[in-house]
């Protein structure tokens, strides 16, 4: 393996770096989506969000019956909008326990159909929102899926439910899924996603990047220090995004600075190796 690595490092730059980027992108993709078929299904579902709360799905019937009993026991009538929205949220939270997508589906993110939500019996915010929108549509209420990179909830003409977080970044309706791309540039949701994603998977991505940046011959001390900075930067980023409502942007800047310094150390070591190979 070492000889293969040195051979790759001797390739011309126009071949070496595209090959390294290809390896890195492939590793990142497989870490996030070890089941690639779910990635393709997720893309299709995101493009057709409005179709996911399907009231014609046969498995919705038994859930809708339980929902009717729940409303009757709570004394809630569809003619009372706010009480109806609150009851819908309580019922869905009770019916579908929370589960992260990497625990339920094995991937970083997956927006399920209502049939998949019911079949799994556990989901995160997007699956719960799909079921809530379906039940509201069964009651004749026009319910749409909305959200941002952190969370998905349900919007209706009578108000929002499923823990709305404010103005949405994306909204689904009969014409498709509409996204405000400028607001997607906020690093806060990314930091939050990093903070809750399994650390072991993130470590695989980090180590892959570190290995790909190592020069053919390198100082062990430099390489270890660069790795320490990368790990420390990852830990800082996870801490900075721990609170989804109050992200620590200064912490994100520190994390980015750690990453930049680490990359700089490895790149400078590579230049030094090529100029003075006998000193490394």
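See the values below:
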| quantity | calculated |
| --- | --- |
| Subset of region 71-111 [touching a residue at least 24 places away in the same chain (Cβ under 8 Å) and over 22 Å from residue 152 (Cβ atoms)] | 78 |
| Where a residue in region 256-267 is in the same structural domain as residue 233 (by TED's automatic domain parsing) and its partner, wherever it lies, is outside any helix (DSSP H, G or I) and surrounded by 16 or more Cβ atoms within 10 Å (Cβ to Cβ), with Cβ under 9 Å and at least six apart | 266/214; 266/215; 266/218; 267/215 |
| Any hit, region 44-63, residues being exposed (fewer than 12 other Cβ atoms within 10 Å of the Cβ), under 30 Å from residue 203 (Cα atoms) and out of contact with any strand residue (DSSP E or B) (no Cβ under 9 Å at 6 or more places or on another chain) | yes |
| Residues of region 157-188 classified as buried (at least 19 other Cβ atoms within 10 Å of the Cβ) and either touching a helix residue (DSSP H, G or I) at 6+ places or on another chain (Cβ under 6 Å) or part of a helix (DSSP H, G or I) (or both), total | 5 |
| Given (1) more than 11 Å from residue 189 (Cα to Cα); (2) at pLDDT 95 or above; (3) surrounded by 13 or more Cβ atoms within 10 Å (Cβ to Cβ), index of the condition residue 250 fails | (3) |
| All helices (runs of 4 or more DSSP H) inside region 1-87 with 1 or more residues being under 33 Å from the mean Cα position of the chain (by Cα), at pLDDT 95 or above and under 19 Å from residue 107 (Cα atoms) | 13-32, 36-47 |
| Qualifying residue in region 220-227 (condition: modelled with pLDDT under 90, loosely packed, with under 14 Cβ neighbours inside 10 Å and either over 24 Å from residue 12 (Cα atoms) or not assigned by TED's automatic domain parsing to the domain that holds residue 24 (or both)) | yes |
| All positions within region 218-251 that are closer than 25 Å to residue 6 by Cβ and not in a helix (DSSP H, G or I) | 218, 219 |
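The values are calculated or read from the model by the stated rules, or taken from the named source; none is laboratory data. Just so it is clear, the model here is predicted, and its values are computed rather than measured. Note that we place each Cβ from the backbone using ideal geometry, even for glycine, and neighbour counts take in every protein chain shown.
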